[in-house]
Every structure is written in C-alpha cells, then in structure tokens.
Amino acid sequence: GVITFSGEDYKLLGVDLSELSELERALEEAGLDKDIPTLFIAEVVLTYMENSRSDAVIRWVAARFSRVCFLLYEQMHPEDPFGRVMQQHFSQMNSTLNSLAQYPDCEAQQRRFFEEGWTECSVMDMNEFFTCCTPEDEQKRVQSLEPFDEYEEWHLKCSHYFVLTASKGMEPCWTPLLPNMTVPRRDGPVRTAGSIPAAACPVRSETSGLRRYGHHSVLIKPNVILTTGGFGEEDGRHCRMRNFHVLMKHAGCWKAGSVRQEHHDQRWDERLYHTVSCLSNSLALVVGGRSSPSSPGLGMLWLKFPETCGASQPEDVTVELVSVQPAAGPAALRWRHSTTEVTFKGEKYLFLYGGRSATEPVLASWCFLHTRDLSCAAIAVEGPGPGGRHSHSACSWRGGALIAGGLGAAEQPLGSVFFLRELDHGFRWQAVETHPALIPRYSHTAHVHDGKLLLVGGVWLQSSSVPGVTVVDLITGLCVDYTINVEHLEWPLMLHNHSSVFLSNEKELLLIGGGGNCFSFGTHLNPEPVSLYLSNILASH
C-alpha cells in the first residue's frame with residue numbers, strides 16, 4: 001500500500017496529489033476521520049504542480065472535510081528583480097514555480113481560496129509575519145543567533161514569500177493571522193509620478209571589476225570615479241575585492257580599468273560597507289568598514305592620487321595607500337555608517353554618523369573629525385537626533401548634513417529625514433517633514449541637487465513594488481516617487497548595496513554595482529553600470 005511509515009500517532013503516505021481518488025483511498029486506509037477538525041499544511045508543495053491540479057486539491061479539501069484549516073507557504077512577486085532571480089534559480093534546478101504566473105501576489109492567492117470554497121482566508125508576506133506574528137523575545141533570539149549582515153537579502157526574500165491561512169466550518173473561527181494592529185499594514189500600491197528610463201552604460205573595459213556590492217564609489221575629479229572595496233567577482237571567483245577600479249569619461253564614452261596600488265606601510269584590508277571622502281583632488285580618507293562581521297575593526301586609511309593626474313587611460317591612475325596614526329580611533333570602528341563633509345566656523349570637518357559595530361547592532365553615536373589631523377572635535381549638537389540607524393544615506397547641504405532613511409534598532413526601515421544645521425555655537429538637528437510621508441527604506445544612495453534630495457533605490461517592505469528614485473523638495477517637504485523603467489536592460493537591476501555618482505552638468509546619475517549574496521538563491525551582481533538621465537524630472541519640480 002501507500003503507507004510507508006506508521007507510528008502510534010503518525011503516518012507517512014506516499015501519494016500523487018494529482019490523483020485525488022487515490023489520495024482519498026489512501027487517507028481512508030490510514031484511518032482518517034473527515035469529520036474531526038483537520039489541518040492541512042502545504043509548505044512550498046502546490047506550486048510545483050500544474051495550477052489546474054493544485055486548484056483541484058484546494059477545492060477537494062474544502063469539499064470533503066467538514067471542519068478544516070489550510071496553511072500555505074509559497075513564493076510570490078515573480079516579476080520584480082529579486083523575483084526574476086528567484087525564478088531563474090528554480091528553473092535551473094528544473095523545478096519551475098507554476099503558481100506564480102496565475103497567482104503573483106497575496107490578493108490573488110486569497111481570491112483563489114475563496115473561489116475554491118473556503119469561507120475564511122487571511123494572508124501576509126513574511127516580513128509582516130515576522131514583525132506582527134512573531135513574539136518580540138523570539139525575534140530578538142533569532143536576531144542574536146550569529147553575526148548577521150545580510151539584511152537586504154533577508155527582507156527581499158521575506159517579501160517574496162507569503163503565509164496564508166484558510167478555514168471552513170470551524171467554531172470558533174480559525175484566523176491565526178490577525179496581525180497585531182499596532183503595526184501599519186504596508187501592502188498598498190505606491191503612487192508614482194512617472195518613470196525614468198534606465199540605460200545600460202557600455203563601458204570599454206578589460207576587467208569585470210564593477211560587479212560588486214557593499215563597495216564605495218567617489219568622484220575624485222571631474223569625470224573620474226574611483227570604486228573601492230565590496231564583495232564581488234575578481235579573477236573568476238566571488239570574493240572580497242582587492243582591486244581598486246576607475247571609471248573615466250573621455251570624449252563622451254566611459255572607460256574602465258583597474259588601478260595601480262602602491263603600498264608603503266599599509267595594505268588594503270578587503271573591506272565592505274566603508275566610506276571614502278575626497279578632501280582634495282589628490283587625497284581621500286577611507287573610514288570604517290568590515291572584513292567579516294566578526295572581525296570588523298578596520299579603522300581609517302589615506303588614499304593619495306597624484307594631483308597632476310592628467311591621465312586619459314584608467315591604467316595611468318595610481319593610488320597610494322598611507323596609514324593613519326592611530327588608525328583605529330574608536331569612532332572609526334563601524335560599518336554601514338556615513339561620513340559627510342560639514343563646515344563649522346569656516347573649518348572643514350567629516351561628520352561620522354550611525355552604522356553598526358561588532359558589539360552594537362545599531363549605533364546612534366557621531367563624531368566630528370577635523371580634516372587637518374583627524375582629531376575628534378567637541379562640537380555642541382542640540383535637539384533630538386535621528387536615533388540609531390545604519391545603511392542610511394547622508395549628503396552635505398548648506399554646510400551641514402542631511403540624513404535620510406536607514407535600518408533602525410528593531411531591524412525596521414526608517415522614513416525620517418534629518419538636517420544637521422550649523423548655528424553660531426554648534427549644530428542643531430532639525431526634522432524635515434515630508435508629505436506624503438517618505439516610505440521607509442534603507443541601503444539606498446542619495447544626492448542633493450538644487451534644493452532637492454534624490455534618494456535612489458534601496459530596500460523597503462512595501463512588497464508590491466521596488467524603490468526607484470524619490471525626489472524630496474527640501475524647502476516644501478514635497479515627496480515624489482518615480483519608478484525606474486528597466487525594459488531596455490537585459491538583466492534584473494538590483495538597486496541595493498550599490499553606489500551612485502551624480503554628474504550635475506549632464507543631470508546623469510550613474511549607478512555602479514549592487515546586488516547581494518542570498519542564502520537561498522545565490523549571488524546576484526549587476527553586470528554593468530546603469531545611467532539614469534534626470535533632466536526631465538528635475539525640470540518638472
């Protein structure tokens with residue numbers, strides 16, 4: 001028979017679920033009573049069947065059992081970038097996910113169950129389930145199990161899986177998924193004001209050094225972009241990146257190549273999630289970053305490039321690494337932080353803010369580094385600050401710093417924007433009120449142009465769409481979302497853990513790298529830089 005294992009209160013049956021008469025016979029033979037309350041659990045099972053057959057199973061259970069509950073856990077959102085990578089992964093294993101085309105989201109799955117004869121049905125994505133239905137102490141226990149730094153992939157994976165509960169004939173009603181109503185639902189569509197076409201940026205290059213994430217890119221002089229660090233593809237393997245990479249615009253065309261590094265007393269520590277700040281056209285400061293989440297103390301490092309660099313070829317660029325003494329000022333032992341140039345009483349400082357460290361999952365501290373000697377300056381700051389966050393964005397504006405978004409203490413994305421404003425005797429934190437309210441996000445990049453804050457990409461928990469470009473008017477607080485039109489790209493554009501450079505004359509935004517290493521679906525790296533031309537949207541504001 002089909003009973004392959006039988007214990008006192010457990011029976012394991014081997015049955016083809018598409019043969020319902022055989023399934024019914026096997027369950028009868030195993031002694032199942034159809035009139036007592038019964039729970040069916042399908043954890044990524046039905047999606048491997050053809051839809052007509054999986055629908056028939058759902059219909060059969062509702063028709064045959066008088067008091068019954070169904071729990072379904074499966075994938076959704078096949079068409080956004082992460083969804084395309086997810087589908088590709090299952091197709092490569094010859095396990096196509098059949099449900100996705102007909103039932104792409106929570107609403108479609110809920111309709112399916114109502115149409116197949118169920119009377120109660122609720123559904124939510126796994127981000128909402130983890131936040132609303134998992135007790136707080138269990139959330140904390142899971143978050144502290146081991147050093148973890150793949151927040152983006154975790155949130156993206158959870159926005160592509162749902163849990164659904166349905167029931168029929170249960171007294172009292174079985175609705176275990178009623179969320180804790182203190183957390184706002186996030187499943188409404190995002191209203192956008194239009195879309196920005198994305199164009200793959202053809203780069204003439206011998207190297208694939210821009211396929212990376214967790215790196216940093218900085219304009220070291222007009223039309224010359226230096227990219228350092230991150231995790232990506234080097235010499236045919238995935239690793240923490242050792243090579244520096246330069247993009248150079250020459251006669252309207254981008255050229256790319258690796259940079260010669262000169263080490264006198266200092267090596268590059270293969271770091272991710274660091275910052276690089278240009279202090280002149282021949283000097284930049286690297287702050288923080290980590291190698292692995294358990295050995296993060298990488299401190300600071302000078303990068304020097306010859307001032308007279310009249311280079312027209314990437315390989316003509318040389319970067320010298322020079323140690324900072326003492327390199328590991330405690331303020332610099334952080335990653336996923338920001339470093340922004342601010343001015344106080346005519347002097348330049350680097351404002352280090354937020355991030356995380358080996359011991360603190362989120363930092364609320366800051367420090368003003370004097371650019372002359374990298375000492376920490378004691379400058380008074382008034383007003384309630386932005387609170388702890390990492391993976392936020394920070395831009396210089398009007399001598400101060402604009403902090404936007406980020407991931408906060410409970411691993412929840414934040415939607416607040418703060419301006420650190422210069423006063424006579426120090427600085428003051430000032431909240432920038434946005435309307436409509438900025439959708440919380442993190443792992444985005446940001447630029448300021450002409451009184452507008454541009455937020456690019458990132459991760460949010462709004463599972464019905466992916467972040468594009470948001471324009472915040474810093475004077476009025478008006479906040480407008482635009483989608484990025486990717487129809488001319490031949491690959492899924494993952495806009496998190498990327499870097500971006502804004503070329504203000506051309507109104508061109510160059511997106512470099514991005515992607516991540518997902519524990520379920522492998523490493524996805526954007527294969528080449530992408531250009532967004534923003535003149536239309538900037539003119540319309």
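Points worth noting:
- Exactly one residue out of GLN266, GLN261 is assigned to a loop (DSSP other than H, G, I, E, B) and open to solvent by 20 Å² or more (accessible area, probe 1.4 Å): that is GLN266.
- Selection status of ALA394, outside any strand (DSSP E or B) and open to solvent by 10 Å² or more (accessible area, probe 1.4 Å): no
- If you go through the range 373-390 and keep only what is farther than 19 Å from VAL432 by Cα and either at pLDDT 95 or above or open to solvent by 40 Å² or more (accessible area, probe 1.4 Å) (or both), you end up with ASP373, SER375, CYS376, ALA378, ILE379, ALA380.
- If you go through the range 366-400 and pick out every residue that is out of contact with any Cys (no Cβ under 7 Å at 6 or more places or on another chain), among the hydrophobic types (A, V, I, L, M, F, W, C) and either at negative phi or not assigned by the TED database to the domain that holds LEU455 (or both), you end up with 9.
- Of all residues making up the range 498-530, the number that are in a strand (DSSP E or B) and not hydroxyl-bearing (Ser, Thr, Tyr): 16
- Answer from VAL486, VAL417, VAL456, VAL432 - the residue that is farther than 30 Å from GLU360 by Cα and either open to solvent by 20 Å² or more (accessible area, probe 1.4 Å) or of a type outside the set (Ser, Thr, Tyr) (or both): VAL486
Rundown of residues vs (1) in contact with a Leu (Cβ under 9 Å, 6 or more places away or on another chain); (2) closer than 30 Å to CYS106 by Cβ, yes/no style:
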{"residue": "LEU402", "(1), (2)": "yes, no"}
{"residue": "GLU422", "(1), (2)": "no, no"}
{"residue": "GLY426", "(1), (2)": "no, no"}
{"residue": "GLU433", "(1), (2)": "no, no"}
{"residue": "LEU454", "(1), (2)": "yes, no"}
{"residue": "GLY457", "(1), (2)": "yes, yes"}
{"residue": "SER465", "(1), (2)": "no, yes"}
{"residue": "VAL472", "(1), (2)": "yes, yes"}
{"residue": "LEU489", "(1), (2)": "no, yes"}
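- The range 327-359, subset without any contact (Cβ under 8 Å) to a residue 24 or more places away in the chain and assigned to a loop (DSSP other than H, G, I, E, B), residue surrounded by the most Cβ atoms within 10 Å (Cβ to Cβ): LYS345
- Set ALA251, ALA332: member being within 30 Å of ALA378 (Cα to Cα) and either outside the structural domain of SER375 (by the TED database) or small (Gly, Ala, Ser) (or both): ALA332
- Filter pass, GLY451 being open to solvent by 10 Å² or more (accessible area, probe 1.4 Å), more than 25 Å from ALA256 (Cα to Cα) and without any contact (Cβ under 8 Å) to a residue 60 or more places away in the chain: yes
- Of all the listed residues (LEU350, LEU407), the sole one being at pLDDT 95 or above and more than 26 Å from GLU433 (Cβ to Cβ) is LEU350.
- Those residues of the range 242-292 which are modelled with pLDDT of 90 or more, of a type in the set (A, V, I, L, M, F, W, C), under 22 Å from ARG334 (Cα atoms) and under 28 Å from the mean Cα position of the chain (by Cα), in sequence order: PHE244, LEU272, VAL276, CYS278, ALA284, LEU285, VAL286, VAL287
- Residue-level analysis places ALA56 among those that are part of a helix (DSSP H, G or I), surrounded by fewer than 17 Cβ atoms within 10 Å (Cβ to Cβ) and assigned by the TED database to the domain that holds PHE129.
- Any hit, the range 269-283, residues being surrounded by 15 or more Cβ atoms within 10 Å (Cβ to Cβ), assigned by the TED database to the domain that holds GLU341, in contact (Cβ under 8 Å) with a residue 40 or more places away in the chain and within 12 Å of SER323 (Cα to Cα): no
- Scan the range 424-466 for residues that are among the acidic types (Asp, Glu) and at pLDDT below 95 and the total you get is 2.
- When residues of the range 531-541 are limited to those that are surrounded by fewer than 20 Cβ atoms within 10 Å (Cβ to Cβ) and either among the acidic types (Asp, Glu) or in a strand (DSSP E or B) (or both), the one modelled with the lowest pLDDT: TYR533
- Answer residue from the range 489-508, given it is farther than 23 Å from THR275 by Cβ and within 19 Å of the chain's Cα centre (by Cα) and is surrounded by the fewest Cβ atoms within 10 Å (Cβ to Cβ) among those: TRP491
- Strands (runs of 3 or more DSSP E) fully within the range 196-248 counting 3 or more residues that are closer than 16 Å to GLN261 by Cα and open to solvent by less than 10 Å² (accessible area, probe 1.4 Å): 224-228
The values are calculated or read from the model by the stated rules, or taken from the named source; none is laboratory data. As the structure is a computational prediction, the values presented were derived from the model and not from experiment. Note that each Cβ is placed from the backbone with ideal geometry, even for glycine, and that neighbours are counted across all protein chains shown. These area figures cover heavy atoms from the full protein model, side chains too; ligands, DNA and RNA do not enter into them. Shrake-Rupley method; radii C 1.70, N 1.55, O 1.52, S 1.80 Å.
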